[in-house]
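In what follows, a structure is listed as structure tokens, so that the remarks can point back to it.
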Amino acid sequence: MKKFSILLVDDVAENIHSLKMMIEDSFDVDIYSALSAQEGMEILMKNEINLILTDIQMPEIDGFEFAEYLKGIEKTKDIPLIFITGIYDKDEYKRRGYDIGAIEYITKPIDDILLDAKLKVYIDIFERSKKREDEIEQKNEILIHQAKMATMGEMIGVIAHQLKQPLNILSLYCNDVKDSYKFGEINDEFIDEFTKNTKKNIDFMSKTIDDFRDFFNPKKSKRVFELKKVIDSSLELLSKQLENNNIQVNVDVSEETVFGVDSELEQVILNLLTNAQDAFIERKIEEREIKISAGSNKNYTILVFEDTAGGIKEDNLDKIFDPYFTTKEKGTGTGLYMVKLVVKTSFNGDLKLENSSRGAKFILVLPSKN
């Protein structure tokens, strides 16, 4: 633990030497000494001092002026100060010293027992305070570590959720191989299509991992990109699932642009698409339609997702983006949390959710340029 530190200020070197010996006989502390107020200020600016013992009668700047000066400086205003004097011991001087901010007066010749008793009080206060600070720091370190682990757990959950979609798609393609082999439908065209689609999903998973590794990097590369290209890419990845579940997606997007990381927005779109798809399936909705539209102004692009899955209960609207909150029987509660995280943290955008006449309506406000 850091030692208690004392600054001795006296223009007589012999006085400092004798006072230093008296203190060191009783306490294990760091002692600094100065032969003038100016020299004392230099020491105070460069070191952490816990107590000042200063003579009053000194040339140029006396002890009273020195104390007044210290109280006007942020770094030194709260350091306890004790006056040591042989001639300024009358009540009028003591009142002046206490008015300035001194905490004690010690008269010469110095009584070593009295000095020890007074110093012990301040050293004990310092040590108890330091112990509390160390305990608080230790608790803070534990809390920071726990927060980091919680964040890591959340991010792992989000990554697992994102990888689940392409893995499901790969599973569908593997089933296609089995069925196509069974019915003798495997040919060069089938192999080419299978290779292209599986490679695309594997590349997507690899890119997903890279994106999350770079997610909190403030220096990650951002650029202006075309919104429609990202939407088309997302729909192509999910085309097999959307087709198998009879989901119609209508896109009304033209030349709108977004500033950020295109693959991160692709993650957002995939989550909104799969979220709607899951709602269609769980609720056995017959008319399965998703409408994606966009518009832009001078600084922002507005992206709107609207489905016909029946909407979200009013009681859940405020909680739907919370981590681990889910309305699905086997949901993880990380998909929409990730959507909010990316839109607000990575794009510095805004995200709103409301119920339309037929389903849920997600409104994303994204920057259109740097």
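Of all residues in the stretch 111-138, those that are at pLDDT 75 or above and acidic (Asp, Glu) have Cβ atoms under 7 Å from Cβ atoms of residues that are assigned to a helix (DSSP H, G or I) and open to solvent by less than 80 Å² (accessible area, probe 1.4 Å), 6 or more apart or on another chain, in ASP112/MET22; ASP116/SER26. Can you name the residue in the stretch 288-306 that is among the small types (Gly, Ala, Ser) and surrounded by fewer than 18 Cβ atoms within 10 Å (Cβ to Cβ) and is also farthest from GLY359 (Cα to Cα) among such residues? Looking at the filtered set, the residue picked out is GLY295.
Please tell me if LEU265 is closer than 22 Å to ASP232 by Cα, free of Cβ contacts under 8 Å to residues at least 40 places away in the same chain, open to solvent by less than 20 Å² (accessible area, probe 1.4 Å) and aliphatic (A, V, I, L, M). Taking the combined requirement at face value, the residue does not satisfy it. Restricting the search to strands (runs of 3 or more DSSP E) fully inside the stretch 190-306 and requiring at least 2 residues that are farther than 29 Å from THR326 by Cβ gives 223-226, 257-260, 289-296.
Taking the options MET21, MET41, name whichever one is over 21 Å from LYS130 (Cα atoms) and open to solvent by less than 70 Å² (accessible area, probe 1.4 Å). Only one candidate passes the filter, namely MET41. Do we have ILE269 as within 15 Å of ALA294 (Cα to Cα) and of a type in the set (A, V, I, L, M, F, W, C) here? Considered against the rule, which asks whether it is within 15 Å of ALA294 (Cα to Cα) and of a type in the set (A, V, I, L, M, F, W, C), ILE269 comes out as yes.
For the stretch 307-317, give me the residue count where each residue is open to solvent by less than 30 Å² (accessible area, probe 1.4 Å) and assigned to a helix (DSSP H, G or I). Total satisfying the criteria: 1.
Between ILE79, ILE16, ILE87, ILE52, which is over 26 Å from ARG132 (Cα atoms), at pLDDT 85 or above and among the hydrophobic types (A, V, I, L, M, F, W, C)?
Numbers: ILE79 fails: over 26 Å from ARG132 (Cα atoms); ILE87 fails: at pLDDT 85 or above; ILE52 fails: over 26 Å from ARG132 (Cα atoms).
Matching residue, one of ILE79, ILE16, ILE87, ILE52: ILE16.
Within the stretch 34-46, can one find any residue that is in contact (Cβ under 8 Å) with a residue 12 or more places away in the chain and under 18 Å from VAL121 (Cβ atoms)? No, the stretch 34-46 contains no residue that is in contact (Cβ under 8 Å) with a residue 12 or more places away in the chain and under 18 Å from VAL121 (Cβ atoms). Selection over the stretch 190-207 of residues that are within 37 Å of the chain's Cα centre (by Cα) and open to solvent by 70 Å² or more (accessible area, probe 1.4 Å) gives a count of 4.
For the stretch 268-287, give me each residue that is open to solvent by 50 Å² or more (accessible area, probe 1.4 Å) and under 25 Å from the mean Cα position of the chain (by Cα).
None - no residue of the stretch 268-287 is open to solvent by 50 Å² or more (accessible area, probe 1.4 Å) and under 25 Å from the mean Cα position of the chain (by Cα), so the list stays empty.
Which residues, counting only those in the stretch 223-253, are loosely packed, with under 14 Cβ neighbours inside 10 Å and under 21 Å from ASN370 (Cβ atoms)? Residues satisfying the conditions are ARG223, VAL224, LYS229.
Checking the structure you have, find out if any residue of the stretch 331-341 is among the aromatic types (Phe, Trp, Tyr) and closer than 21 Å to ASN244 by Cα. Looking through the stretch 331-341, none of the residues is among the aromatic types (Phe, Trp, Tyr) and closer than 21 Å to ASN244 by Cα. ILE191 meets the conditions (1) at pLDDT 75 or above; (2) closer than 15 Å to LEU270 by Cβ in every case but one. The failed one is (2). Being open to solvent by 20 Å² or more (accessible area, probe 1.4 Å), among the hydroxyl-bearing types (Ser, Thr, Tyr) and more than 22 Å from LEU114 (Cβ to Cβ) is a property that TYR98 lacks.
The values are calculated or read from the model by the stated rules, or taken from the named source; none is laboratory data. Everything quoted here is computed from the prediction, not taken from an experiment. Every residue, glycine among them, receives a Cβ derived from its backbone with ideal geometry; neighbour counts consider all protein chains shown. Ligands, DNA and RNA are stripped out before the accessible areas are found, and what is left, the full protein with its side chains, is counted by its heavy atoms. Shrake-Rupley method; radii C 1.70, N 1.55, O 1.52, S 1.80 Å.
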